[in-house]
Amino acid sequence: MVYYRAHGNEIAVFETAAKRKLPVLLKGPTGCGKTRFVRFMAERLGRPLVTVACQEDLAAADLTGRFLLEGGSTVWRDGPLTRAVREGAICYLDEVVEARSDVMTVLHPLTDDRRSLPLDRLGEELQAPDNFLVVISYNPGYQAISKELKESTRQRFVSLTFDYPSAEIEAEIVVAESGVSPDLAAQLVKIGRGSRNLRSHGLGEGASTRLLVYAGQLVVAGLSLADAAEATLVGSLTDDAEMTKALRELLKSVLG
């Protein structure tokens, strides 16, 4: 089963929302566990999971489906959202605000009491089965104003706010996911939390829990802690010379 360490009431809220067939919105910083949580909940609930990584070219037709020319014939191919409705799956749209605006429009009838998906090109309207669930996520601290999720859209969802866990829980996650010792995990977490404090000094994003796990995995594979930290907790966070210097000073203060 997918490993997930809860650090609040998110499991109970998600389970209750799913039981009532209510769509769920996850919001929080990059790499704090939103996608891992959805995978964990899909397994826990015994439901298939269809994941869509949203980007700026993603349109409604990419989700619903389209006619394609195959072997001289025109055939309809379901998109991931349509497949999820037909299968009674959880459909997870990661970083949904990156997609085109018509994506949210096609989700609207699935996120209210209609629970339906109109397929205009087929002249068909699918009724979502009880197990179908829409889950979306985004990082509210990273979006341009033009890409903020509309208030009217947010009110269609049960919302769960994610953040990086406490130092103790984060170290526990790093140990479980990478196999490093608790002492080494504590060092990595200290570096990670220090990097997050640099956001107020010009660093775009601090180290995610995911990045701390990567550093730990490199160490377990034989890389020195200093080299692993340089490759992940410095090189993956910035190209700016001043920020690089600040991060290296942070590493030196923690690692000695």
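Values in this text are rule-based calculations from the coordinates and carry no lab data. Source: prediction; values computed, not measured. Cβ coordinates were reconstructed from backbone atoms using ideal geometry, including for glycine residues, and neighbour counts include every protein chain displayed.
Mean projection of the Cα convex hull over all viewing directions, computed for the range 91-240: 12.3 nm². Using a simple spin-label model with pseudo-atoms 7 Å out from Cα toward Cβ, residue 75 and residue 87 lie 1.8 nm apart. Using C-alpha pairs below 8 Å separated by at least 6 residues, the relative contact order for the range 167-255 is 29 percent.
Which whole-number percent is the relative contact order of the range 1-120 (Cα, under 8 Å, 6+ apart)?
25
One quarter of the surface of the convex hull around the alpha-carbon atoms of the range 1-77 equals 7.7 nm², the direction-averaged projected area.
Let me spell out the model: positive unit charges on the Cβ of Lys and Arg, negative unit charges on the Cβ of Asp and Glu, origin at the Cα centre of the chain. What dipole size does that give, in debye rounded to 20?
Here the chain has a charge dipole of around 480 debye.
Legend: Rg and Dmax of the range 167-255, from Cα coordinates, 11.8, 34 Å.
Here's the picture: a label point sits 7 Å out from the Cα of residue 114 along the beta-carbon direction, and within the range 54-69 the residues with their amide nitrogen under 20 Å of it are 59-66.
Of all the Cα-Cα pairs you can form in the chain, what percent are over 33 Å apart? Everything past 33 Å amounts to 31 percent. Shown here are the Rg and Dmax of the Cα trace of the range 35-111, at 13.7, 44 Å.
For the range 10-161, a Kirkwood hydrodynamic radius built from all Cα pairs, placed in the Stokes-Einstein relation at 25 °C and 0.890 mPa s, yields a translational diffusion coefficient of 155 µm²/s. Secondary-structure-derived ellipticity at 222 nm for the chain, considering helices only, amounts to -12000 deg cm²/dmol, per-run term -39500 (n - 2.57) for DSSP H runs with n ≥ 4.
Compared with the dominant principal axis of the Cα atoms in the chain, helix 34-45 is inclined by about 60°.
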